[in-house]
Amino acid sequence: MTGNKKGQRLLIVSNRLPLKLTRERSGTWRLDRGSGGLVTALAPVLRNRGGVWIGWPGIPQEKAPPNLGELLDRAGRDLGYRIAPVGLSRREQRLFYEGFSNEVIWPLFHELPTLANFDPTYWLAYHQVNRKYAEAIAAESQPDYFVWVHDYQLMLVAQELRALGVNSYVAFFLHIPFPPLDVFLKIPWRLEILNALLQFDLLGVQTARDRRNLLDCFRALMPDVKWHGRGRVVVGQVNDRFVRIGDFPISIDYRSFVRRAGSKEVLAVRDGIRKTLANCKILLGVDRLDYTKGIPHRLQAFREALREYPDLVGKTTLIQVVVPSRTGVPQYRRLRAEIERLVGTINGEFTKPGWVPIHYIFRSLAPDELLGYYRAADVALITPLKDGMNLIAKEYCVTNVDNDGVLILSEFAGAASQLQHGAILVNPFHVQQVASAIHQACTMPITERKRRMKKLRQSIRKQDIFWWVDSFLRSAIAKDLSEFPQLDEYMPLTTRPEPIASIPGA
Ligand SMILES: O=P(O)(O)OC[C@H]1O[C@H](O[C@H]2O[C@H](CO)[C@@H](O)[C@H](O)[C@H]2O)[C@H](O)[C@@H](O)[C@@H]1O
Ligand SMILES: O=c1ccn([C@@H]2O[C@H](COP(=O)(O)OP(=O)(O)O)[C@@H](O)[C@H]2O)c(=O)[nH]1
C-alpha cells in the first residue's frame with residue numbers, strides 16, 4: 001500500500017463529463033459543475049493527485065461552440081484537474097448512446113430483454129465510439145496513470161486501449177446491475193463483451209449478486225479462466241495476467257447532505273410544502289423517467305392503497321417527481337404518456353374539494369428544492385423493478401435528520417442489500433403488498449420510525465462515498481487476496497478524503 005506518491009495520477013473516464021454545458025438566451029455558452037455523487041467523491045482525489053477527466057460534453061459535436069476547448073480548459077483550471085472532451089456526432093450519439101447503450105445494454109442488464117433492440121448497426125457504433133474514448137485516453141495517458149472507466153457505455157475501452165499499446169492499470173466500475181447468465185446469454189455479442197471485460201485489471205460492481213452473476217457468465221462462457229478466492233474480491237487468471245472482481249456499493253457524501261439538510265433554503269421549501277399539504281401524510285417518489293424505476297406499478301399500488309384503506313383517502317398525498325431522461329429513445333416517450341394517463345385516471349377517481357391524491361411534477365428540481373422535498377416527505381416510496389443502486393433512497397434517509405421518515409424500498413434496488421434492516425422492503429410487482437406497505441408506513445408509530453431511520457442513516461454514514469472510492473482503490477493495489485481485509489475496516493469515519501489509498505502503477 002506504499003508507493004511513490006509522485007505520478008500516481010488518476011484518469012477518470014465516463015460517458016458524460018462532470019460538467020453541464022448550456023446555451024443562455026443571449027446565445028452565450030456556459031459551463032456548470034455537475035452535481036452527482038461521483039463528481040463529489042472523485043473531484044478531491046483528482047485535485048490532490050492531479051489528473052484528467054475524459055468524457056462527452058453532452059451536446060452533439062455539430063452544435064458545440066467553437067471555443068469549447070477554451071471553455072473546458074478554463075473550467076479545468078477552476079476545478080484543479082484537466083478536462084478532456086470526446087466529441088460525438090449526432091449520429092454517434094444516436095447509435096452508440098441511445099442505441100447500443102440504452103436500447104440494448106440498459107434493458108438487458110435490468111433483466112427486461114423483451115425491450116432490447118439488437119440492431120447490428122448499434123453494435124458497430126458502440127465498438128467505434130469505445131475506440132474513440134480509448135484514443136482520447138491514449139492521448140492523455142502516461143504509463144503510470146491509474147485509469148478508471150465508468151459504466152456500461154464503455155465496456156470495450158480496456159480492450160481498445162490494449163490494442164493501442166497502452167498497458168496502464170485500467171479499472172472499471174459498472175453502475176447498473178449485471179444480469180443473470182440466462183439473460184446475458186441473449187446478447188448476440190456476449191462473447192465479445194466478456195472478452196473485452198477481461199482486459200480490465202479490476203472490475204467493480206454494486207452488489208454481491210452482480211458479482212455472482214458476472215462470475216457465473218465468465219465460468220459458463222470462458223471455462224479456461226480460473227478464479228480464486230471466495231470473499232468480496234476474487235481473482236481470475238487470464239494467460240499471464242490477473243483480473244479482479246469485487247462488489248463496492250456506491251454511496252453519497254453523508255456529511256454534506258446532513259449539512260445541507262439544515263440550510264434555510266431547504267427548510268423554506270420543506271415548510272412551504274408542508275403548509276400547502278397540511279394534515280396530509282406526504283409520500284414522495286423521485287425518479288428519472290425510466291421504465292426500470294417502476295413508476296406505473298407504484299401508481300397502481302397507491303391507487304390500490306386508496307381503495308383498500310379508506311382511512312388514507314383525503315389524508316395521504318403522493319408527490320411524484322419525474323425527471324425527463326433519454327427522450328430520444330422511443331420507450332421513454334411512451335412511458336411518459338403511460339404515467340400521465342395513470343396520474344389523470346387516479347386523480348379523476350379520488351380527487352375531492354381540498355384534496356388531490358397525486359401531485360405530479362415533470363421536470364428536474366434544483367438541489368435545495370430536492371432536499372426540501374425529501375425533508376417534507378413522511379414516506380419515501382422507492383420501488384424500482386431493478387436498479388444498480390438508487391441514490392435517491394440514500395439521499396432521502398440522510399436528509400431525514402429528525403429520524404422520523406419511513407423508507408419503502410424495492411428489494412430489487414442495489415441499495416436494498418445495505419438498507420434492508422431499516423426499510424420496509426417490497427416486491428414492486430406485488431401491487432397489494434406495496435399498498436399494504438404504504439398503509440403500514442403511514443400508520444407506523446414514531447418510536448418504530450425513529451428506530452428504523454437511525455439504523456438506515458448509520459449504515460450510510462459508515463459506508464459513504466469516500467469509503468466507496470477508498471475501498472475500490474485499495475482493492476486495486478492489494479498484492480494478494482490476503483490483503484483484502486473487511487472493506488468496512490478500511491477507513492476510519494473521521495478521516496476523509498485525504499487518506500485515499502495510493503494508486504497502482506507508480
Ligand atoms: O446519463 P444518463 O443517460 O442521463 O443517465 C443518468 C445516469 O443513470 C445511471 O445511473 C446508475 O448509477 C447510479 C450511481 O451509481 C446508480 O445509483 C443507479 O442505480 C444507476 O442506474 C447510469 O448508470 C449512469 O451512467 C447515467 O449517467
Ligand atoms: O430533480 C432531480 C432529481 C434527482 N436528482 C439526482 O439524480 C440522482 C439519481 O440517482 P439514482 O442513483 O437514484 O438513479 P439514476 O437516475 O442515476 O438511475 C440523485 O443523485 C439525485 O440527487 C437531481 O439532481 N435532480
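For a footprinting-style exposure proxy, rank Cys397, Cys442 by other Cβ within 10 Å, fewest first.
Ordered by Cβ neighbours within 10 Å, fewest first: Cys442, Cys397.
Pull up all non-local amide H partners of Ala84: gap of 5 or more, or a different chain, and H-to-H distance under 5 Å with H placed in the peptide plane.
The list, which skips near neighbours in sequence, is Trp53, Ile54, Gly55.
Positive end of the charge dipole of the chain (Lys, Arg +1 and Asp, Glu -1 on Cβ, about the Cα centre): tell me which of Val166, Ile446, Thr327 has its Cα farthest that way.
The Cα lying farthest towards the positive end belongs to Ile446.
State to the nearest 20 debye the size of the charge dipole of the stretch 255-462 about its Cα centre, where the only charges are +1 on K and R beta carbons and -1 on D and E beta carbons.
Value, rounded to 20: 580 debye.
Which whole-number percentage describes the relative contact order of the chain, with Cα contacts under 8 Å and a sequence gap of 6 or more?
It comes to 15 percent, rounded to a whole number.
Select from the stretch 138-184 those chymotrypsin sites (Phe, Trp or Tyr not before Pro) which occupy a DSSP coil region and have at most 13 other Cβ atoms within 10 Å, ordered by residue number. Before the final figure, lay out the partial values.
Numbers: sites: Tyr145, Phe146, Trp148, Tyr152, Tyr169, Phe172, Phe173, Phe184; in loops: Tyr145.
The qualifying sites: there are none.
Mind listing which trypsin sites (Lys or Arg not before Pro) in the stretch 317-378 are in a DSSP loop and have 14 or fewer other Cβ atoms within 10 Å?
For trypsin sites (Lys or Arg not before Pro) across the stretch 317-378 that sit outside H, G, I, E and B with at most 14 neighbouring Cβ atoms in 10 Å, the list reads Arg363.
How high is the relative contact order of the stretch 49-189, in percent, counting Cα pairs under 8 Å that sit 6 or more residues apart?
Numbers: 176 pairs, mean separation 31.9, N = 141.
It rounds to 23 percent for the stretch 49-189.
What is the helix-to-structure angle for 446-462, meaning the angle in degrees between its Cα long axis and the longest Cα principal axis of the chain, kept from 0 to 90 and rounded to the nearest 10?
Rounded to the nearest ten degrees, it is 10.
For the chain, give the share of DSSP beta bridges that are antiparallel, in percent and rounded to the nearest 5; count only bridges with both residues there.
Details: 15 of 64 bridges.
Among the beta bridges of the chain, antiparallel pairing accounts for roughly 25 percent.
Using DSSP to define loop residues, name the chymotrypsin sites (Phe, Trp or Tyr not before Pro) in the stretch 92-123 whose beta-carbon has at most 15 other beta-carbon atoms within 10 Å.
Phe118
Between Glu62 and Met444, what length in nm is gained on full extension when 0.36 nm per residue of separation is reduced by their alpha carbon distance?
132.0 nm
Taken together, the values in this text are just the output of simple stated rules run on the coordinates, not laboratory data. This structure is a prediction, so every number in the text was calculated from the model and none was measured. Heads up, the Cβs are rebuilt from the backbone with ideal geometry, glycines too, and the neighbour counts pull from every protein chain shown.
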